[in-house]
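Below is one structure, written out as structure tokens; comments come after it.
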Amino acid sequence: MGLLADNNPKGGKVRLTKGFVDKQKFSTGSKVAIHWDSEVKGYGIKISATKKVYIAQAKIKGKSKRITIGTHGKITEAQAREMAKKALVEILNGIDPNAEKRKDKVQAVSLEQVVQSYLKAKSLKPLSVKDINTHLNLNFKDWKDRPLSKITRAQVKKRFQEITKRSPAQANQAFRVFRALWNYAIAEYRDPDDQPIFGENPVNILSDQKLWNTVKSRDTKIPLNKMGEAWNIIQGLRTSPIQTTASRTIADATAFILLTGCRLNEAASLTWDRVNTEEQWWHLDDPKNGRSITFPLSELACKILNERPRTNEFVFTSRSKTGHITEIRTPMKKISASIGETVSAHDLRRTFIAIALNNQIELWKAKLLLNHQESGVTVKHYIETSDLKYFKPEVNTIAEWIVEQAKIAKIDNIIPMANRKRA
């Protein structure tokens with residue numbers, strides 16, 4: 001290992017000084033002139049058409065390595081000389097200053113920069129992007145501008161415990177997101193020898209110390225004996241003469257979710273080109289599990305859809321930036337208040353499968369209608385699972401049962417009122 005001799009016939013060896021560098025004219029076109037210093041071997045000035053740049057060059061592991069010291073004018077010749085000496089010593093000791101500079105630059109990358117790089121590199125669903133940005137701006141707000149490499153295991157533990165006090169489930173999700181970001185950084189940011197610049201994932205402390213929260217799976221649903229009452233509330237919101245267009249749309253979407261068992265975001269973003277009420281089906285081309293699938297529509301669901309205006313591409317339109325609804329809070333609040341139990345949009349999926357099982361619809365059929373993966377050999381290999389239009393009888397059974405329960409609930413409500421009147 002040694003310093004390179006001057007091998008540039010266009011340049012020459014001279015004692016580099018500020019005066020000498022100032023006198024040199026910029027090169028023309030694409031030509032580059034290099035002048036090597038006569039005292040510090042491997043230290044030189046490279047002159048192009050626009051810049052005069054101080055450089056240092058030597059061999060490391062048998063290969064020529066040239067690094068940029070700085071631009072003349074931004075640093076002085078004296079500063080460049082000292083910096084070159086230091087860089088040349090590092091090279092002679094087997095250290096690549098360029099690699100060290102890249103490493104320092106990468107280690108200064110902030111959490112927010114890693115997030116933006118991750119989002120560009122990955123093909124994520126809108127809901128996943130929303131979750132990542134929510135955690136960045138909520139749970140990691142004060143970490144956004146912090147270099148990712150400066151976030152330690154101890155800090156991860158402390159933040160996890162802070163979020164857990166508010167929501168154990170959110171703490172788990174937040175640090176699953178953070179773990180994925182760090183793993184991405186390990187794979188994405190490498191040194192010239194393809195070694196990772198980022199070290200051990202600090203989220204490992206949560207596994208090492210068994211800190212992950214045990215979150216019980218939700219099993220909330222509308223009780224079947226309250227289903228008629230719930231449907232009457234939805235219908236009341238749909239048909240009320242004082243209802244606004246926006247409120248009617250939200251009520252229609254709530255009814256659709258209950259009749260199909262779909263997810264809120266699937267209903268909200270449903271477009272008319274993926275609905276056929278004549279043939280009674282609707283289609284998901286990019287669901288959560290990535291498997292394109294066509295579902296049957298009950299006659300009741302078709303009736304609700306046919307009554308909807310077509311003002312834009314979305315079935316459940318709104319004046320929001322997205323062009324479609326994003327929530328169904330009002331119907332869910334009214335249902336929750338009526339049945340005495342808090343239920344959410346996702347609970348309608350569990351209600352759907354409970355109604356199916358109550359009507360002797362086999363579990364594997366109900367799961368397919370929810371677009372759940374079935375692991376059974378028969379279903380997996382011998383049953384059509386991408387086009388479920390043949391399940392029309394099943395969805396009609398579910399819809400008819402709901403309507404029947406609504407009628408019963410109305411009768412039960414009328415009788416007590418009649419009794420009170422006679423009294």
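The values are calculated or read from the model by the stated rules, or taken from the named source; none is laboratory data. In this text, all values refer to a predicted model and were calculated from it rather than measured experimentally. For neighbour counting, all protein chains shown are included, and Cβ atoms are generated from backbone atoms with ideal geometry for every residue, glycine included.
Scanning segment 15-67 for residues that are within 21 Å of L92 (Cα to Cα), within 45 Å of the chain's Cα centre (by Cα) and among the hydrophobic types (A, V, I, L, M, F, W, C) gives I55, A56, I60, I67.
Out of the residues in segment 13-47 that are surrounded by 12 or more Cβ atoms within 10 Å (Cβ to Cβ) and out of contact with any strand residue (DSSP E or B) (no Cβ under 8 Å at 6 or more places or on another chain), state the one that is farthest from K74 (Cα to Cα). Walk me through it before giving the result.
Filtering segment 13-47 for residues surrounded by 12 or more Cβ atoms within 10 Å (Cβ to Cβ) gives 13-14, 16-18, 20-21, 24, 26-27, 32-38, 40-47.
Next cut, out of contact with any strand residue (DSSP E or B) (no Cβ under 8 Å at 6 or more places or on another chain) only: 17-18, 40.
Details: T17: 15, K18: 12, V40: 21 Å.
My answer is V40.
Condition (residue is among the aliphatic types (A, V, I, L, M) and in contact with a strand residue (DSSP E or B) (Cβ under 9 Å, 6 or more places away or on another chain)) applied to segment 302-309: is it met by at least one residue?
Looking only at segment 302-309, we keep the residues that are among the aliphatic types (A, V, I, L, M), and these are 304-305.
Now narrow it down to the ones that are in contact with a strand residue (DSSP E or B) (Cβ under 9 Å, 6 or more places away or on another chain): 305.
Among the residues of segment 302-309, at least one is among the aliphatic types (A, V, I, L, M) and in contact with a strand residue (DSSP E or B) (Cβ under 9 Å, 6 or more places away or on another chain), which makes the answer yes.
Kindly indicate whether T342 is of a type in the set (S, T, N, Q), over 28 Å from K410 (Cβ atoms) and assigned to a loop (DSSP other than H, G, I, E, B). No; evaluated as a whole, the condition is false for this residue. Considering only segment 370-380, I want to know if a residue exists there that is in the same structural domain as C262 (by TED's automatic domain parsing), small (G, A, S), on the phi < 0 side of the Ramachandran plot and modelled with pLDDT of 80 or more. Scanning segment 370-380, I find no residue that is in the same structural domain as C262 (by TED's automatic domain parsing), small (G, A, S), on the phi < 0 side of the Ramachandran plot and modelled with pLDDT of 80 or more, so the answer is no.
Please specify each residue of segment 323-347 satisfying the condition of being of a type in the set (S, T, N, Q) and either surrounded by 13 or more Cβ atoms within 10 Å (Cβ to Cβ) or not assigned by TED's automatic domain parsing to the domain that holds A267 (or both). Step through it out loud before you land on a result.
So the first thing to find is which residues in segment 323-347 are of a type in the set (S, T, N, Q), and the list is 326, 330, 336, 338, 342, 344.
The answer is T326, T330, S336, S338, S344.
Across segment 110-145, the number of residues qualifying as farther than 24 Å from L284 by Cα, outside any helix (DSSP H, G or I) and either under 8 Å from the mean Cα position of the chain (by Cα) or among the hydroxyl-bearing types (S, T, Y) (or both) comes to 1. Screening N358, N413, N419 for residues that are surrounded by fewer than 18 Cβ atoms within 10 Å (Cβ to Cβ) and modelled with pLDDT of 95 or more leaves exactly one candidate, N358. Against the test of being loosely packed, with under 13 Cβ neighbours inside 10 Å and either modelled with pLDDT of 90 or more or not assigned by TED's automatic domain parsing to the domain that holds Q173 (or both), the options A80, A121 yield a single qualifying residue, A121. Quick check: is even one residue across segment 166-176 of a type outside the set (A, V, I, L, M), modelled with pLDDT of 95 or more and out of contact with any helix residue (DSSP H, G or I) (no Cβ under 9 Å at 6 or more places or on another chain)? Looking for residues that are of a type outside the set (A, V, I, L, M), modelled with pLDDT of 95 or more and out of contact with any helix residue (DSSP H, G or I) (no Cβ under 9 Å at 6 or more places or on another chain), one finds at least one in segment 166-176, hence yes.
One line per residue, one yes/no per condition, for (1) in contact with a His (Cβ under 7 Å, 6 or more places away or on another chain); (2) among the hydrophobic types (A, V, I, L, M, F, W, C); (3) part of a helix (DSSP H, G or I); (4) more than 18 Å from L305 (Cβ to Cβ):
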| position | (1), (2), (3), (4) |
| --- | --- |
| L181 | no, yes, yes, yes |
| S207 | no, no, yes, yes |
| T214 | no, no, no, yes |
| A230 | no, yes, yes, yes |
| A246 | no, yes, yes, no |
| I257 | no, yes, yes, no |
| C262 | no, yes, no, no |
| E279 | no, no, no, no |
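The single condition among (1) surrounded by 16 or more Cβ atoms within 10 Å (Cβ to Cβ); (2) among the charged types (D, E, K, R); (3) touching an Asp or Glu at 6+ places or on another chain (Cβ under 8 Å) that R248 does not satisfy is (3). Tell me, which residue of segment 146-158 that is of a type outside the set (A, V, I, L, M) and assigned to a helix (DSSP H, G or I) is nearest to F198 (Cα to Cα)? That would be S149.
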